[in-house]
Amino acid sequence: MSRIAVVGTGYVGLTTAACLADLGNEVCGLDVDPHVVQTLQSGEVPFYEPGLQELVARGLATSRLCFTTVYADAVRDAEFIFLAVGTPMAETGEADLSQVRQAAATIAQHLSGPAVIVNKSTVPIGTGDIVGDLIRDHLREPVQFSVVSNPEFLREGSAIHDFMHPDRVVIGSHDAESTRRVAELYKPLDAPVLVTTL
């Protein structure tokens, strides 16, 4: 069992949090919108995805899943911190990384122990290095961390099935130990793991 924080409870973040909790981990989902968190804490899901509300309810009932608006509560003691915030298309056609940058800087301010930062958001190549630099720049104390890219391949309408039965898990990192640890999270799914650089 691992302690996991998932920053962002939109489509990707909530599916990831609920599925990781169902695999036996302790997961805390964080969202900056108090209304969204209140809705999730009550066992309701603010969008429709088949099976997701039941999965969230099961996670809450077993106390393996919780939700908060407070970074300190989510990040404290987390071994893995999944970044799953929105990256909408900017007017230029590029991904708007403002939410990723904000989340990375805020995570850094609350890191108090070693953690693997797992980039789950849909981002362009090179974002892992940006996230790493931002965290280093905003740390309040020296803390060991690494950044891993773990892109998602979830389809609306079959997201839970896609998460639980992947045809492959892709992990990109500069750190072999962090790669191994993230791969361990997916071990119960018995899927091939493809390892690349960050």
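Structure summary
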{"read-out": "Chain lengthening between T62 and D77 when straightened (0.36 nm per residue, less Cα-Cα)", "value": "3.5 nm"}
{"read-out": "Charge-dipole axis of the stretch 55-113 as Lys and Arg at +1 and Asp and Glu at -1 on Cβ define it, positive-most pick from T62, A104, P88", "value": "T62"}
{"read-out": "Within the accessible area of the chain (1.4 Å probe), percent carbon and sulfur", "value": "51 percent"}
{"read-out": "Within the stretch 153-170: backbone nitrogen closer than 15 Å to the F47 label point (7 Å, Cα to C-beta)", "value": "153-160"}
{"read-out": "Calculated FRET value between T69 and H174, using beta carbons and R₀ = 30 Å, to 0.05", "value": "0.40"}
{"read-out": "Order by protection proxy (mean Cβ within 10 Å, highest first), peptides 163-174, 72-83, 118-129, 87-98", "value": "72-83, 118-129, 163-174, 87-98"}
{"read-out": "Dipole moment magnitude, nearest 20 debye, the chain about Cα centre, only Lys, Arg, Asp, Glu C-beta charged", "value": "380 debye"}
{"read-out": "Accessible area expressed per residue, the stretch 45-198, with surrounding protein chains retained (probe 1.4 Å, Å²)", "value": "53 Å²"}
{"read-out": "Neighbourhood charge, 14 Å Cβ-Cβ cut-off, centred on S146 and excluding it, Lys, Arg +1 and Asp, Glu -1", "value": "-2"}
{"read-out": "Difference of contour (0.36 nm per residue) and Cα-Cα distance, D33 to E94", "value": "19.5 nm"}
{"read-out": "Interchain or long-range residues, amide H under 5 Å from A95's placed H", "value": "A90"}
{"read-out": "Sequence-separation-based contact order of the chain, relative, with Cα cut under 8 Å and 6+ spacing, percent", "value": "19 percent"}
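The values are calculated or read from the model by the stated rules, or taken from the named source; none is laboratory data. Computed from a predicted structure; not experimentally measured. No Cβ is skipped: glycine too gets one built from the backbone with ideal geometry, and neighbour counts run over all protein chains shown. Just so you know, the surface numbers come from the protein's heavy atoms only, side chains and all, with ligands and any DNA or RNA stripped out. Shrake-Rupley method; radii C 1.70, N 1.55, O 1.52, S 1.80 Å.
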